[in-house]
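What follows is a short report on a single structure.
The values are calculated or read from the model by the stated rules, or taken from the named source; none is laboratory data. Because the structure is a prediction, the values reported are computed rather than measured. Here the Cβ is made from the backbone with ideal geometry for all residues, glycine too, and neighbour counts use every protein chain on show.
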Amino acid sequence: MNQIQCTMPTGKILAQCRPLQMGVTCAISDESVDIWLHGIIGDEYTETDSLSVARVLAENRGKQVNLRVNSPGGIYFDGLAIYNAIDAHDGYTVGIIEGLAGSAASLALIACDHVQCYSSALFHPHYALLLTMGHQADLREALSLLEKIDSELDRVYSEASGLSVEQVQSILLGPHGDGTAMGADEALAAGFVDEIVKHNKSKLANPAAAAEASKSTALAARCVALLELELDRQVRSL
């Protein structure tokens with residue numbers, strides 16, 4: 001998707017305009033590719049849609065893929081297509097929940113060979129939602145579609161976690177009908193997550209780093225005091 005970014009006054013616009021490229025947020029090296037699936041699944045504007053993700057995968061065949069997820073979900077069929085594209089990728093795939101993996105994002109994520117979850121992140125799967133209107137036939141058709149989708153969700157989440165279909169149904173329905181928001185420990189226990197990523201406290205635990213930080217703080221305080229003294233001296237000399 002191309003947009004035009006202009007910063008010059010009228011009359012110089014055509015000469016100074018340049019295309020602003022929109023695309024999947026990713027970092028590519030010779031060995032791996034990181035894809036940030038942040039935002040609404042299926043959003044073509046930010047290219048978190050299935051076609052855009054599949055294009056990145058197709059251009060990086062054989063490489064390890066790190067799928068970094070922070071999304072409330074979005075369009076079911078885009079999530080499903082990303083799931084299938086990840087599943088078909090011929091390199092090792094790692095899913096990383098950096099904030100929230102909800103709805104269609106949780107579906108895309110569980111296709112990865114290995115799933116990591118930050119200790120403060122959430123995994124929230126649920127059954128499909130559909131808004132519809134029309135005659136009885138239209139509503140029956142919509143209900144039939146939802147039943148087919150939900151049945152497929154039962155199978156996919158069951159295969160990914162090792163849980164029985166009945167256990168998955170309980171999770172996808174949840175206590176209030178809108179699924180289950182699971183913390184990292186819960187998602188690990190259920191089999192949706194393989195590893196919990198602990199927050200890095202090494203800088204605080206390193207005595208040398210703490211001493212250096214203390215010295216820097218003291219030096220900054222001394223500089224402020226000297227500046228205040230110099231400012232006071234200049235004021236007095238006026």
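Side notes on the structure shown:
- Search result, residues across the range 6-42 that are modelled with pLDDT of 90 or more and not in a strand (DSSP E or B): Ser29, Asp30, Glu31, Gly42
- Filter pass, Leu57 being assigned by TED's automatic domain parsing to the domain that holds Ser29, more than 14 Å from the chain's Cα centre (by Cα) and in a helix (DSSP H, G or I): yes
- Take the conditions (1) in contact with a Gly (Cβ under 7 Å, 6 or more places away or on another chain); (2) surrounded by fewer than 19 Cβ atoms within 10 Å (Cβ to Cβ); (3) modelled with pLDDT of 95 or more; Thr46 misses just one of them, which is (3).
- Residue list for the range 49-65, restricted to those being in contact with a Ser or Thr (Cβ under 7 Å, 6 or more places away or on another chain) and buried (at least 20 other Cβ atoms within 10 Å of the Cβ): Val65
- Flag set for Lys198, criterion: modelled with pLDDT under 95, out of contact with any helix residue (DSSP H, G or I) (no Cβ under 7 Å at 6 or more places or on another chain) and of a type in the set (Lys, Arg).
- Enumeration of residues in the range 61-116 that are of a type in the set (D, E, K, R) and either touching a helix residue (DSSP H, G or I) at 6+ places or on another chain (Cβ under 8 Å) or at pLDDT below 95 (or both): Asp78
- Taking the range 71-80 as the range and being part of a helix (DSSP H, G or I), touching a strand residue (DSSP E or B) at 6+ places or on another chain (Cβ under 6 Å) and not small (Gly, Ala, Ser) as the test, only Asp78 passes.
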